[in-house]
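Since the structure comes first, as structure tokens, the remarks are kept for the end.
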Amino acid sequence: MLRNHRIGLALLLFVATQLCTLNAARVLYNASVEYNLRKHIFKDYDKVVIPATRGSFLKVNMRMMIKNAELDYEKSQMILSTWFIANWNDDRLIWDPEQYEQVNSIIVDHREIWHPDVMAFNNVDANMEDDRTRVNSVVNNTGSVIWVEPVQYNIHCQTDTTHWPHDTQTGVLRLGSWMYLGNVLNLTTDNDEVEVASSHSEWDILNVYKERNVRFYPCCPDEQYIDIEYSITIKRKVHPYQSVIYIPALCSALFNLLTFWLPHTDNYCKLFVNMFNALFVALTILIMYSKVPTVTSTVPLIVVYYTYSLGLIAITIVISLAVKGMSAMSRPLPYGITQFLHSNYLVYLGIDIMNDSVADCHMLCEPEETNGQMADLKARQMFARVIDRMCFIVFIFIYLILLLRFMP
């Protein structure tokens, strides 16, 4: 029994060894076939010379896939992470698959064959060939070459932060051949939309518009220059900034309006609320300046709103101090103001006249001089409340105008 197991194990090892040997031989054979194929097609191949074509020019079709888009406000640059895709035909790279064990395609190094010198004309950084990461290309037996290369472009972008953080920025990328004219190298692009993917970025790519241009310059009117422009429009994702913009703006407005409903009898209540509100808005402005770019030529509307809000708080403090000082005096008010205080219009300001009339009835038992002083003081306090209510209404309209004008 043990002997039979040993014999079976030996046979299994023998079969496995033979299979490994066959696979290794097959790999070596395929490698030998590809070696002979490369030796055949690259014989007398000059990678500097543009491929021979049946027509008068070589057609190179270009496509682009934008993987990510970012914006550098300090440098006014749009940073694009893309996949550059190009394909063309090179008649010198044609072979018969029947002669090379049905090998239909091979992978070649970038330095082995001719590649179009397509570059970004408006790229900020140097994008010469030695500075770019070159990848391999795929060559088919029909001579067609497919070149897919990851490229990062840094292009100038005229940033506008007026509606920050709801801002929308647009950058233009111009791609073209650095050396070849349009009558030698014809750059084309398909009509399909540019594929984009920016889910992990702060910016959403709203639209990519591409256009093929044929340009003639006054220096050489007989020479045409072909380039392809990509106009990329991006918009910031707003949700990370909502807690920094809307909630503090609403709280500061409510605190300021609350001041006009506080009583004047408390010496420090209104002043404390106003100072706290001013400190709150000042800290909010500092936080926003840490997020808003300060090197651009435009000022965000939200920053202007908070600046005006801080000014309104300062005006509220001045009004509160002036009204408090006036209400503490016992001098009689002018006759017109006194008549207004006894009118029915105060009901629309939220002031109950009946309660004040009952308080006046309790002063009948007091001396006449004391009653006069108390009446004047009471009238001034009521007039102070009237001023607070009127300021409350006026400030509501001011805040509504500011919100409609300066909030994005």
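The values are calculated or read from the model by the stated rules, or taken from the named source; none is laboratory data. No experiment lies behind these values; they were computed from the predicted model shown. Neighbour counts run over all protein chains shown; Cβ positions are idealised from the backbone, glycine included.
See the values below:
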{"read-out": "Among the candidates 74, 112, residue that is outside any strand (DSSP E or B), among the acidic types (Asp, Glu) and over 38 Å from the mean Cα position of the chain (by Cα)", "value": "112"}
{"read-out": "Conditions (1) buried (at least 16 other Cβ atoms within 10 Å of the Cβ); (2) in contact with a strand residue (DSSP E or B) (Cβ under 6 Å, 6 or more places away or on another chain); (3) under 30 Å from residue 34 (Cβ atoms): number failed by residue 154", "value": "(3)"}
{"read-out": "Residue in segment 153-163 that is charged (D, E, K, R) and under 28 Å from the mean Cα position of the chain (by Cα) present", "value": "yes"}
{"read-out": "Residue match in segment 137-159 (condition: in a helix (DSSP H, G or I), in the same structural domain as residue 65 (by TED's automatic domain parsing) and free of Cβ contacts under 8 Å to residues at least 40 places away in the same chain)", "value": "no"}
{"read-out": "Residue in segment 172-195 that is farther than 19 Å from residue 224 by Cα, surrounded by 15 or more Cβ atoms within 10 Å (Cβ to Cβ) and of a type in the set (S, T, N, Q) present", "value": "no"}
